[in-house]
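The values are calculated or read from the model by the stated rules, or taken from the named source; none is laboratory data. None of these values were measured; they are calculated from a predicted model. So basically every Cβ, Gly included, is an ideal-geometry build from the backbone, and we count neighbours across all protein chains shown. The area values use the complete protein model at the heavy-atom level, side chains included, leaving out ligands, DNA and RNA. Shrake-Rupley method; radii C 1.70, N 1.55, O 1.52, S 1.80 Å.
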Amino acid sequence: MTTEEILKVEGLKKYFEVSGGLLRKKSLVKAVDDISLTVYKGETLGIVGESGCGKSTTGRLLMRLLDATEGSVYFEGENIMEWSRRELKQRRRDFQMIFQDPFASLNPRMTVEDIIEEPLTTIGMPRGERKKRVRQLLKDVGIPESYTGRYPHEFSGGQRQRIGIARALALKPKLIIADEPVAALDVSIQAQIINLLMDLQKEYGFTYLFIAHDLSVVQYISDRVGVMYLGQMVELAESDELYEKPLHPYTQALLSAIPIPDIHIKKEKINLKGEVPSPDNPPQGCRFHTRCPIATEQCKREVPVFREINKGHYVACHEV
Ligand SMILES: Nc1ncnc2c1ncn2[C@@H]1O[C@H](COP(=O)(O)OP(=O)(O)OP(=O)(O)O)[C@@H](O)[C@H]1O
Ligand SMILES: [Mg+2]
């Protein structure tokens, strides 16, 4: 990991306007609400949080698959929000996304070879070179070359994800955003795919933003981890530090839910009260205060600032 920035995100917001149905007013879903962070070249930054906290929306904003309501995203120093359609098309190859459901992201009527070759054709790579590159990519992701004529439905879930990864790698992107890439797979296959992603990073040297529900998955793969709650980043630190010294009560609760294999270590499971509030009407003050075991009066009124507590360890909590 270097200290060279690949991505810089400032005050990123995405509000969705949703109609409330008959007689009900329109409401604003604050899916992402003021996120700032930096991603360094060659690192893996894990992003975790419960369902609906805005992880996928963040990923899609960073790829400009969605336009932000506010804020900026700098990719290698250039504000991607200012890119024209043409520029975006040209630069698209530098960042790619891997999705949770490989089946939905692979065209069922195309053979594996066509699926992986398509992005190479788009950039006008000569045929011979394309074929060679497809063979290499299949080898990299562990799919036998003899399978090139097959269609997505003829593969297992794990193999389909390997094909999705090969396609994402085709143009040698600099940044890969993997949105829960193993969530839909069998536990036994998950580790294989995670190891594959890590091996590929060593070989190609790209940067990952790795989105997951599960803190145990990201711990293994990430250099740093960011924890999201209701559209905001509540804690961000180096992976080891976050797992050993979590500061935010929400992170502590998430970590307490992971079983430890060592039966001699007793761990108190912190049960959070209630459900995650709706992002169209988030609580005033600290968004977590309605479920927080240590919330005070101040937490109900004032929004905590996301600030650096120790070197590289950021947290948004009044009580830290
Ligand atoms: N196109 C949209 N229109 C309206 N609301 C949306 C849209 N996309 C997402 N949302 C809402 O924004 C919030 C964040 O959604 P998002 O998909 O980013 O969450 P997530 O953290 O990825 O969840 P999950 O873990 O379930 O994938 C949710 O409340 C969701 O319902
Ligand atoms: Mg998601």
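Taking just the alpha carbons, could you work out the radius of gyration and Dmax for segment 89-245, both in angstroms?
Reported Rg and Dmax, both Å: 16.4, 53.
Step through the table entries 8/245; 13/41; 245/269; 245/273; 30/174, compare each Cα-Cα distance with 19 Å, and write down the pairs that go over it.
8/245; 13/41; 245/273; 30/174
If I take all pairs of Cα atoms in segment 150-240, what percentage of them are more than 15 Å from each other?
63 percent
Apply the Karplus parameterisation 6.51 cos²θ - 1.76 cosθ + 1.60, with θ equal to phi minus 60°, to every residue of segment 139-155 and state each ³J(HN,Hα) to the nearest whole Hz, in sequence, with x for glycine and proline.
5, 4, 9, x, 10, x, 4, 5, 8, 4, x, 7, 9, x, 5, 8, 10
Where the accessible area of segment 167-320 is counted over protein heavy atoms with a 1.4 Å probe, how much of it, in %, is carbon and sulfur?
So the carbon and sulfur contribution to the accessible surface is 50 percent.
Toward the positive end of the charge dipole of the chain, about the Cα centre and with charges on Cβ (Lys, Arg +1; Asp, Glu -1), which of 54, 285, 149 goes farthest?
149
Sticking to Cα atoms, compute the Rg of segment 18-116 to one decimal and its Dmax as the biggest Cα-Cα distance, whole number, in Å.
Cα only, segment 18-116: 16.8, 51 Å (Rg, Dmax).
Arrange the peptides 37-44, 56-63, 184-191 so that the one whose residues have, on average, the most other Cβ atoms within 10 Å appears first.
56-63, 37-44, 184-191
Write down the accessible area per residue of segment 175-320 in Å², having rolled a 1.4 Å probe over the full set of protein chains.
I get 51 Å² per residue for this part.
Calculate the all-directions average of the projected area of segment 177-320's alpha-carbon convex hull, and give it in nm².
The orientation-averaged projected area of the Cα hull of segment 177-320 comes to 10.3 nm².
Please sort by residue number the chymotrypsin sites (Phe, Trp or Tyr not before Pro) in segment 101-182 whose DSSP state is loop and whose Cβ has at most 14 other Cβ atoms within 10 Å.
none
Net charge near residue 33: determine it from the other residues with C-beta under 10 Å of the C-beta of residue 33, scoring Lys and Arg +1 and Asp and Glu -1.
Neighbour charge sum, excluding residue 33 itself: +2.
Within 10 Å, count the other beta carbons around each residue, average over each peptide in 309-318, 202-211, and list them highest first.
Top of the packing list down: 202-211, 309-318.
Let me have the relative contact order for the chain, percent, based on Cα pairs under 8 Å that are six or more residues apart.
Contact order relative to length: 20 percent.
Go through 117-129, 290-302 and give me the packing order, highest mean Cβ count within 10 Å leading.
Ranked from most to least packed, the peptides come out as 290-302, 117-129.
Stokes-Einstein diffusion coefficient for segment 25-71 at 25 °C in a medium of 0.890 mPa s, Rh from the Kirkwood formula over Cα pairs: what value in µm²/s?
For these conditions, the coefficient is 199 µm²/s.
Under the rule of -39500 (n - 2.57) per DSSP H run of 4 or more residues, summed and divided by the residues of the chain, what mean residue ellipticity at 222 nm is obtained, to the nearest 500 deg cm²/dmol?
-9000 deg cm²/dmol
Defining a contact as two alpha carbons under 8 Å apart and six or more residues distant in sequence, what relative contact order in percent does segment 143-257 show?
18 percent
Could you point to the residue in 228, 106, 200 farthest towards the positive end of the chain's charge dipole, with +1 and -1 charges on the Cβ of Lys/Arg and Asp/Glu respectively?
106
Kindly sort 134, 303 by accessible area of their heavy atoms, largest first, with the probe set to 1.4 Å.
303, 134
Calculate, in whole percent, how much of the Cα-Cα pair population of segment 267-320 lies beyond 13 Å.
63 percent
Please arrange 94, 280 by accessible surface area, largest first, computed with a 1.4 Å probe and ligands excluded.
Putting 94, 280 in descending order of accessible area: 280, 94.
Roll a 1.4 angstrom probe over the protein heavy atoms and tell me the percent of accessible area of segment 41-152 that is carbon or sulfur.
With neighbouring chains kept in place, the figure for segment 41-152 is 45 percent.
What percent does the relative contact order of segment 45-200 come to when contacts are Cα pairs within less than 8 Å and at least six residues apart?
Relative contact order of segment 45-200: 29 percent.
List the aspartates and glutamates whose Cα lies under 16 Å from the Cα of residue 132, skipping any in the same chain that are fewer than 8 positions away.
113, 114, 117, 118, 140, 145
Need one number: the % of Cα-Cα pairs in segment 105-192 sitting beyond the 18 Å mark.
Tail of P(r) above 18 Å: 42 percent of Cα pairs.
Cα atoms only: what Rg and Dmax, in Å, come out for the chain?
20.8, 68
Kindly state, to the nearest 0.05, the FRET efficiency for residue 273 paired with residue 18, given R0 = 41 Å and r defined as their beta-carbon distance.
0.95
Which angle between 0 and 90 degrees, to the nearest 10, do you get for helix 112-122 versus the longest principal axis of the chain when only C-alpha atoms count?
90 degrees
Hey, which aspartates and glutamates would be in cross-link range of residue 14, C-alpha to C-alpha under 19 Å, not counting anything within fewer than 8 residues on its own chain?
Output for residue 14: 33, 34, 50, 67, 70, 82, 179, 280.
I'd like the trypsin sites (Lys or Arg not before Pro) in segment 137-187 restricted to DSSP loop residues with at most 16 other Cβ atoms within 10 Å, sorted by number.
Answer by residue number: 150.
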